[in-house]
Structure formats: C-alpha cells, structure tokens
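Everything below concerns the one structure shown next.
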Amino acid sequence: MTARRGRRALWILIPIAAALFLASLVVGRYGVRPIEALRALFGADGSDVLRALILRVRLPRTIAAACVGANLAVSGAVLQGLFRNPLVDGKVLGVSSGAAFGAALALSLAGGAAAVQGSSFLFAIVAVGLVAWIGWRFGAAPLVLVVGGIAVSALFDALIGLVKYVADPLSRLPAITYWLLGGLSASRWETLLPVAATTAAGMVFFGLVSWRLNLLTLGDAEAASLGVHVRPLRVVVIGAATVLIAASVSISGMIGWIGLVVPHVARAWVGADHERLIPTAAILGAAALIGLDTVARTALPGEIPLGNLTGLIGIPAFLLLFLRLVRSRGAER
C-alpha cells in the first residue's frame, strides 16, 4: 500500500512540476505562448529575441529554481531523519549561515559570480567543520550536533552583521543586502552548471543510501546492530547535505522554509521511508520553488525577494503542519 502511494504521488507530482516548468517559461512581463516557448526551446522556430529570452534568461533561471528547491527539500528531509528532529534544516546546522557569510564577504570585496559561489561553498564547509569538531570533542550525539549547529549559525550571523557594518554603504552594502534576501535573478548558464551537476550527484547519492538512512532513524544502537557504521555514515550524509545546501545558497542567497516545510508535506504524503521520501521531496521542492519564483518575478512591477516570499508562505504552512501534528498525537495545546 505504501509503495503504491509513493508511485501515485510521483505520478501526480511529475505532471504538476512539468506544467509549472512550462508556465515559468511563458509567464512574465514579455508574454509568450506555450507553443512559441516550446519551439524556441527546441530550436524549431522563433525570433532571435524570443530565443534569447527563453534560452538565456528564463530557462537557466527555471532550472536553477528546480535545483535549489530539490537540494533544500532533500537535504532537509535527510537531516530531519538523521537527527530524528522535525525542526532541523540547513539553518540549524549552520550551513546556510556559513554560506551566506562567505557570499557576503566576497561581495564586500567586489568579487564576481565565481568568487561569490566559491567563497559561499568554502565557508559552508567551514561551518560544518566547526560543528563536526564540536561533535568530535563533546560526542557526536544528535543533540550535541544540533546545539553546536545553532551556536555556529549564530556566530556566522554575527559575522554577516559585521561585514555589512564595514561594507561600503553606497555600493557594496546594497548588493549584500539584496543578495541575502534571496533570489534567482542572477542565474546564468555559467553559474548554473556547477549547481546542476551537484544536484544530480546528490540525488544519486541519497537514492543509493536511502535504505541506510532508514536504519539510522531507528537509533544508533539499533542501526549498529544491523551492520551500519553509524558515525562514518552520519559524517558522509551530513557532508553530502552540506554540499547541496552550499551549492544552493551560493546561487540563490538565503531561501528559507523550503528545507523545513516541504519534507513535512512529502512525509505526510508518502511516509517516512527514504526510498519514497527523497524523490517525492525533490520533485515537490523543485515544483514549489519554480512556482514561487514565477510569482516573485511577476506578481508586482518590481521583483519580490524570493526569500521573503518563501517566508510569508512557509511560516503559516509550517504552523499549520505543526498544529496538525500536535493534534494527531493528542498533545495539549
């Protein structure tokens, strides 16, 4: 029954994601008919302006939204299962804040897109390294890692504030502030390709280890008794999730709530088995961020910061899911 439910979820989500993908190519200030977008997409027809709009502007941005949404949703689902904590995501472990600090530092030094991506990725690894050191020093229990991640996240948030304080207020500070709000307006093929490759590799990796992730959710002692090397696997899984989050933050800035809300929706739909949860979360996260990005760039005359939009929608969605969980468990309200 559960396997059938997982297949049914994918059969529903894939057409929805495909429809949102096509809609993102045709919706905008310069309206395009779907048939024109498809012809431009496959090189069959269309003016030079139309092909440039579809192939150089909207297509890389839509693919970037799909990659970032899938990365955040899958990493959130994996980390929540790994730590057996429904409130864990990349922000809690300090990954997002470390990556954001790296990008802010590069922007304060007038670095280009490659420098922003590289610095963001580097400091995300540094953040996780600090959390791993805390785990090694005080014990790698899930609670220790979560508390260490919260402390590291607070440290990098303070460093971001310091970078903003010393940045040039006329040129660099507005760029840092706008980037931290989150968005995909700067998505181009040259910045997208490393992220897309990371997304593909991450999805394959988590698909291969999904059954081991199921064992980790049982607890360390139970997983070890079933032949799982708990600590090395936890380090590798956290490292892989870190790479996905860092790649996403490096191209999109701070996009909150996708990694927290989408895994809960996917888990409520197909259950906690990672073999079904991971592909469902990936497609649902990609579809959600494609749709939200389309709204962000078309709802108002000026583009809405994507991070703000995900917060406006994600916060009430999370509260609704949380209250339903509390009610289903019979807890006191």
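Residues to consider are Val261, Val235, Val270; find the one that is in contact with a Lys or Arg (Cβ under 6 Å, 6 or more places away or on another chain) and in contact (Cβ under 8 Å) with a residue 60 or more places away in the chain.
Working: Val261 fails: in contact with a Lys or Arg (Cβ under 6 Å, 6 or more places away or on another chain); Val235 fails: in contact with a Lys or Arg (Cβ under 6 Å, 6 or more places away or on another chain).
Step by step, each of Val261, Val235, Val270 is checked, and only Val270 is in contact with a Lys or Arg (Cβ under 6 Å, 6 or more places away or on another chain) and in contact (Cβ under 8 Å) with a residue 60 or more places away in the chain.
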From the list Ala186, Ala175, exactly one residue is under 20 Å from Ile255 (Cβ atoms), modelled with pLDDT under 90 and in a helix (DSSP H, G or I). Which is it?
Ala175
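For the stretch 119-140, what are the residues that are over 10 Å from Ser97 (Cα atoms) and either touching a residue at least 24 places away in the same chain (Cβ under 8 Å) or touching a Lys or Arg at 6+ places or on another chain (Cβ under 7 Å) (or both)? Walk me through how you get there before you give the answer.
To start, the set of residues in the stretch 119-140 that are over 10 Å from Ser97 (Cα atoms) comprises 119, 121-122, 125-126, 128-140.
Scanning the stretch 119-140 gives Phe121, Ile125, Val126, Val128, Leu130, Val131, Ala132, Ala140.
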Taking the stretch 74-96, which residues are within 13 Å of the chain's Cα centre (by Cα) and among the polar types (S, T, N, Q)?
Ser75, Ser96
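In the set Asn85, Asn71, which member is under 25 Å from Thr310 (Cα atoms) and modelled with pLDDT of 95 or more?
On the way: Asn85 fails: modelled with pLDDT of 95 or more.
Residue meeting the stated conditions: Asn71.
From Ile54, Ile125, grab the single residue that is β-branched (Val, Ile, Thr) and over 27 Å from Val261 (Cβ atoms). Walk me through how you get there before you give the answer.
Details: Ile125 fails: over 27 Å from Val261 (Cβ atoms).
None of the others qualify; the one that does is Ile54.
Would you be able to tell me the number of residues in the stretch 110-123 that are aliphatic (A, V, I, L, M) and at pLDDT 90 or above? Quick ask: steps written out before the conclusion?
First, pick out the residues of the stretch 110-123 that are aliphatic (A, V, I, L, M): 110, 113-116, 122.
Adding the requirement that they be at pLDDT 90 or above leaves 122.
Of the residues in that region, 1 qualify.
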Of the residues in the stretch 59-113, how many are surrounded by fewer than 24 Cβ atoms within 10 Å (Cβ to Cβ), assigned to a helix (DSSP H, G or I) and without any contact (Cβ under 8 Å) to a residue 40 or more places away in the chain?
1
When the stretch 276-310 is examined, which residues are found to be in contact (Cβ under 8 Å) with a residue 24 or more places away in the chain and surrounded by fewer than 18 Cβ atoms within 10 Å (Cβ to Cβ)?
Thr298, Glu303, Asn308
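Test Ala37 against the stated conditions and say whether it is exposed (fewer than 15 other Cβ atoms within 10 Å of the Cβ), without any contact (Cβ under 8 Å) to a residue 60 or more places away in the chain and over 16 Å from Thr199 (Cβ atoms).
No, not satisfied.
Quick one: which helices (runs of 4 or more DSSP H) sit completely within the stretch 202-321 and have at least 2 residues that are in contact with a helix residue (DSSP H, G or I) (Cβ under 8 Å, 6 or more places away or on another chain), over 12 Å from Val74 (Cβ atoms) and at pLDDT below 90? Reasoning before the result, please.
Details: elements: 210-216, 220-225, 230-252, 258-270, 274-298.
Filter on the stretch 202-321 gives 210-216, 220-225, 230-252, 258-270.
Kindly evaluate Gly46 against the criterion of being part of a loop (DSSP other than H, G, I, E, B), of a type outside the set (D, E, K, R), over 26 Å from Gly182 (Cβ atoms) and modelled with pLDDT under 80.
On the way: part of a loop (DSSP other than H, G, I, E, B): yes; of a type outside the set (D, E, K, R): yes; over 26 Å from Gly182 (Cβ atoms): yes; modelled with pLDDT under 80: yes.
So Gly46 passes the test.
The values are calculated or read from the model by the stated rules, or taken from the named source; none is laboratory data. Since we're looking at a predicted model, the values are computed, not measured. Because the Cβ atoms are built from the backbone with ideal geometry, glycine has one as well, and the counts that use them run over all protein chains shown.
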